[in-house]
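Novice: Before I ask anything, let me first share the structure, which is written out below as structure tokens.
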Amino acid sequence: MEAIEAIMTRRSVRKFEKRQIPDAVLEKILRAGTYAPSALALQPWAFVVVQDQKFLNRVSDYCKPIMISLMKDAHDGMSDGFRALLESSGYSIYYDAPTVIMVVGKTGSRFREIDCSLCTENMMLAAHALGIGSCWIGSTEVAYENRELMEGFRIPEGYSPVGTIVFGYPEEKPEAHDKHPANVTWVR
Ligand SMILES: Cc1cc2nc3c(=O)[nH]c(=O)nc-3n(C[C@H](O)[C@H](O)[C@H](O)COP(=O)(O)O)c2cc1C
């Protein structure tokens, strides 16, 4: 798939087949992540690949009620829809995806969030080009202060989470978006 096409047709996917992504394909996606630019070429990222569904369900069950209470005063259309999902039975914040990857950044590295986010977008685009769906799961953040759950992620010493992304073969194909036009100021 051509780069521009991959960028313009990628969508967040939230429904996945049960079959696991082969390790060789996951390694390709991870490798694509590492080709992202990073400040001073420090490449301050590492990856935790989680395929333990029981553990993911435990994290999801912990996060859901906290998310619901955090969103109690948000009443725009998107928030109402998301709250309804969070409250529905059997809903996992990870959408039962077969693979969840936490991108972790070197603690103290000046641009870790930017560097790791660029790395993550590379991974999501590479996944899309390989026929694999993905979605960034910000809801995981509420678990960061839960020591026991964080230990379960086995984050390498000296790193802390930046983003958590679900990956799997898509069981839905959301249409390409119409995004807002670019808000541009030209100075020339
Ligand atoms: C930082 C970040 C956090 C997100 N958190 C969630 C989340 O917790 N759950 C979810 O279903 N989608 C999440 N998303 C996906 C967004 O809802 C999605 O990117 C947005 O609606 C635009 O849709 P698109 O990705 O299909 O273009 C997140 C995206 C980003 C960038």
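Novice: Pick out, from C116, S79, I165, the residue whose Cα sits farthest towards the positive end of the charge dipole of the chain, with +1 on the Cβ of Lys and Arg and -1 on the Cβ of Asp and Glu.
Specialist: Comparing the listed Cα positions along the dipole, C116 ranks first.
Novice: Excluding A97 itself, calculate the net charge of residues whose Cβ lies under 13 Å from the Cβ of A97, where each Lys or Arg counts +1 and each Asp or Glu counts -1.
Specialist: -1
Novice: Charges only on Cβ, +1 for Lys and Arg, -1 for Asp and Glu: so what's the dipole of the range 1-78 about the Cα centre, in debye to the nearest 20? Don't jump to the answer; show the numbers that get you there.
Specialist: Details: 12 positive and 9 negative charges, 55 e Å.
Dipole about the Cα centre, nearest 20: 260 debye.
Novice: Could you give the dipole magnitude of the range 34-121 about its Cα centre, charging the beta-carbon of Lys and Arg +1 and that of Asp and Glu -1, in debye to the nearest 20? All intermediate terms of the calculation are to be shown ahead of the outcome.
Specialist: Working: 8 positive and 10 negative charges, 67 e Å.
Result for the range 34-121 is approximately 320 debye, rounded to the nearest 20.
Novice: Taking the Cα centre as origin and putting +1 on Lys and Arg beta-carbons and -1 on Asp and Glu beta-carbons, what dipole magnitude results for the chain, to the nearest 20 debye?
Specialist: 240
Novice: Further question: Can you tell me the Rg and the Dmax, both Å, for the Cα atoms in the chain?
Specialist: My reading of the Cα-based Rg and Dmax gives 17.1, 56 Å.
Novice: Give me the lysines in straight-line cross-link reach of K18: C-alpha distance below 19 Å, same-chain residues under 8 apart excluded.
Specialist: Here the lysines satisfying the reach criterion relative to K18 are K54, K173.
Novice: Please give every one of the aspartates and glutamates within straight-line cross-link reach of K15, meaning a C-alpha to C-alpha distance under 15 Å, and leave out same-chain neighbours fewer than 8 residues apart.
Specialist: By straight Cα distance, K15 reaches D96, E171, E172, E175.
Novice: Per-residue ellipticity at 222 nm for the chain, helices alone: DSSP H runs ≥ 4 residues times -39500 (n - 2.57), over residue total, nearest 500 deg cm²/dmol? Spell out each step's value before the answer.
Specialist: On the way: 6 runs with 71 residues, N = 188.
So the calculated ellipticity at 222 nm is -11500 deg cm²/dmol.
Each reported figure results from applying straightforward, stated rules to the coordinates on display, with no laboratory input. Since this is a predicted model, take the numbers as computed values, not measurements. All Cβ positions, glycine included, derive from the backbone under ideal geometry; neighbour counts span all protein chains shown.
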